[in-house]
Amino acid sequence: MTVTAFAPETEERFALARQVADAVLFEGYVLYPYRASAAKNRLRWQFGVLVPPGWGAECEEHDFQHTECLMEPKGGATLSVEVRFLHARRRRVQRARPDGGYDTVPELRLDDRVLVPWDEGSEERVEIVVPVDELLGDGVTHPFRLPAREDTAPVLDAAGRTVGRLVRRCEEISGTVRLSARELDGLYRVLRLTAVVENTSDWTPPEGRGADRDAALPRSLVATHMLMALSAGSFLSMTDPPEWAKSGVAACRNLHTWPVLAGEPGRADLVLSSPIILQDHPAIAPESPGALYDATEIDEILALRTAALTDEEKREARGTDERAAAVIELADSMPPEVLERLHGAVRSLREVTGPGPTASDGGFPDEYGVQRPDTPWWDPASDAGFDPAQDRVVVDGRSVGKGSRVELHPGLRRTDAQDIFLQGRTAKVEAVLHDVDGGVHLAVTVEGDPGVDIRREQGRFLYFQPDEVTPLEDDA
């Protein structure tokens with residue numbers, strides 16, 4: 001029988017792990033410059049999005065996560081599971097009328113902020129505690145449902161007068177958590193734990209809307225991840241298992257998520273299964289003064305650039321989201337000694353003793369012990385035969401070079417999430433580049449990019465291989 005109340009010691013362990021889990025939950029939540037009007041903040045929620053199954057069939061996103069890992073529970077052990085995700089909450093802005101009514105508006109300007117429509121993220125948790133013995137066989141199924149709801153909050157000006165209100169609406173979401181375990185053959189008692197999180201919402205796109213991601217997001221489980229703890233016993237590392245367990249680990253299936261050991265280093269009774277691949281015992285950098293919510297954030301650069309925003313940009317950021325407003329206040333109030341701490345840190349040192357290696361020619365190794373290779377890895381003279389501004393490459397039977405227009409089709413296996421957003425966009429080739437391994441790359445600027453002149457001036461291009469573009473015209 002499942003229960004949903006964590007023991008105090010379990011809650012304490014989860015609290016430590018949530019420091020990292022929060023970084024997963026809010027990865028890319030609102031990106032610098034933290035304004036709703038920024039183009040990169042109009043396409044959000046990229047990690048761990050479990051969409052309604054009726055919509056997922058029309059796109060490349062998924063309606064479930066499937067986690068498998070190995071554990072060695074002791075007798076009478078219980079498993080505590082916490083599924084965490086964001087529930088997108090759509091916010092409308094309304095201005096107060098003299099007659100007491102309200103009109104929906106695109107923005108509401110106040111002295112300290114500019115309020116605009118926005119999708120906020122409300123944290124949700126599903127908690128399960130179950131004896132490990134009950135997981136054997138068919139396991140347990142835990143359905144959950146979040147009802148639709150709408151609430152309003154008044155907007156007051158500096159004098160305390162009501163000038164408008166915010167209307168927030170959450171759509172209904174339903175889901176299921178399935179937990180099961182199977183004992184593996186071998187000398188040791190090892191169980192393979194399977195944990196599946198599904199979005200079971202019955203919502204489907206309205207007729208004629210097609211694959212409308214914007215409509216599906218309020219019914220999705222966003223940034224879904226899972227914490228799992230044993231009351232007695234331990235999990236096995238999926239990246240560094242003992243030799244006897246490697247075949248069992250290799251047989252585990254993990255779809256759209258990856259489990260790692262979490263919590264204090266040296267302990268193995270807690271697992272974080274995340275849509276972002278992490279190392280065992282991930283931790284937040286102790287120098288970090290607070291969450292900046294920007295994917296792969298670099299605290300020093302973000303803090304400096306945020307502090308340098310104009311007053312008007314900061315007003316809009318404050319009105320975009322409460323978390324964005326907190327980032328602005330953090331950057332504005334950060335003392336110099338905290339900023340200095342962000343400049344860099346030495347994570348580990350090792351002692352070097354004894355004489356370094358010697359080289360037969362007396363010229364190498366250098367003071368770092370670097371040996372001279374038999375042949376140079378790169379011959380500078382070879383560059384003389386290339387000219388990025390004049391070179392051309394044949395793509396689909398057409399000659400492509402500087403000035404050519406192409407349509408972008410990023411390769412899924414050799415690109416990042418940002419490049420995928422450019423699927424089908426048109427671009428202009430700025431240069432044809434050759435690398436030292438003989439590969440060819442096209443430096444391009446995307447048509448319609450308002451910063452294209454600056455990118456061209458600074459030489460900041462996007463790079464694609466010839467098989468990732470389709471020529472739009474033959475200007476040979």
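Taking the stretch 447-469 as the range and being surrounded by 15 or more Cβ atoms within 10 Å (Cβ to Cβ) and β-branched (Val, Ile, Thr) as the test, the residues that pass are 452, 469. Against the conditions (1) of a type in the set (S, T, N, Q); (2) under 18 Å from residue 175 (Cβ atoms); (3) modelled with pLDDT under 85, residue 65 satisfies every one except (3). Of all residues in the stretch 418-455 being of a type in the set (Asp, Glu) and closer than 18 Å to residue 40 by Cα, which is nearest to the chain's Cα centre (by Cα)? If we take residues in the stretch 418-455 being of a type in the set (Asp, Glu) and closer than 18 Å to residue 40 by Cα, then 419 is nearest to the chain's Cα centre (by Cα). Restricting 83, 51, 114 to those that are within 30 Å of residue 163 (Cβ to Cβ) and open to solvent by less than 70 Å² (accessible area, probe 1.4 Å) reduces the list to 114. Against the definition (surrounded by fewer than 20 Cβ atoms within 10 Å (Cβ to Cβ), in contact (Cβ under 8 Å) with a residue 40 or more places away in the chain and assigned to a strand (DSSP E or B)), how does residue 124 come out, yes or no? When the stated conditions are applied, residue 124 passes them.
For first residues located in the stretch 227-243 and within 15 Å of residue 17 (Cβ to Cβ), partners that are of a type in the set (Lys, Arg) and part of a strand (DSSP E or B) and lie 6+ apart or on another chain with Cβ distances below 9 Å form the pairs 227/84.
Only residues that are free of Cβ contacts under 8 Å to residues at least 12 places away in the same chain, assigned to a loop (DSSP other than H, G, I, E, B) and either farther than 18 Å from residue 86 by Cα or acidic (Asp, Glu) (or both) were counted in the stretch 23-65, giving 3.
Within the stretch 424-446, can you find the residues that are farther than 16 Å from residue 387 by Cβ and surrounded by fewer than 15 Cβ atoms within 10 Å (Cβ to Cβ)? Across the stretch 424-446, the qualifying residues are 424, 436, 437, 438, 439. The conditions of being among the β-branched types (Val, Ile, Thr), open to solvent by less than 20 Å² (accessible area, probe 1.4 Å) and over 20 Å from residue 39 (Cα atoms) are not met by residue 394.
For first residues located in the stretch 458-471 and under 9 Å from residue 409 (Cβ atoms), partners that are in a strand (DSSP E or B) and of a type in the set (D, E, K, R) and lie 6+ apart or on another chain with Cβ distances below 6 Å form the pairs 470/407. Mind checking whether some residue in the stretch 1-15 is modelled with pLDDT of 85 or more, under 27 Å from residue 291 (Cα atoms) and under 18 Å from the mean Cα position of the chain (by Cα)? No: the stretch 1-15 contains no residue that is modelled with pLDDT of 85 or more, under 27 Å from residue 291 (Cα atoms) and under 18 Å from the mean Cα position of the chain (by Cα). If only one of 68, 72 is open to solvent by less than 30 Å² (accessible area, probe 1.4 Å), assigned to a strand (DSSP E or B) and of a type in the set (D, E, K, R), which one is it? 68 is the lone residue from the list that is open to solvent by less than 30 Å² (accessible area, probe 1.4 Å), assigned to a strand (DSSP E or B) and of a type in the set (D, E, K, R). Each residue in the stretch 1-18 was checked for being assigned to a helix (DSSP H, G or I) and either touching a strand residue (DSSP E or B) at 6+ places or on another chain (Cβ under 6 Å) or farther than 30 Å from residue 139 by Cα (or both), and 4 pass. For the stretch 149-158, the set of residues classified as open to solvent by 70 Å² or more (accessible area, probe 1.4 Å) and either outside any strand (DSSP E or B) or β-branched (Val, Ile, Thr) (or both) consists of 152, 158, listed by residue number.
The residues listed here are 202, 138, 157; of these, the one that is in contact (Cβ under 8 Å) with a residue 12 or more places away in the chain, closer than 30 Å to residue 314 by Cα and among the charged types (D, E, K, R) is 157.
The values are calculated or read from the model by the stated rules, or taken from the named source; none is laboratory data. Not measured: the values here are computed from a predicted model. Cβ sites come from the backbone with ideal geometry, for glycine too, and all protein chains shown count toward neighbours. Heads up: the accessible areas ignore ligands, DNA and RNA and are worked out on the full protein's heavy atoms, side chains in. Shrake-Rupley method; radii C 1.70, N 1.55, O 1.52, S 1.80 Å.
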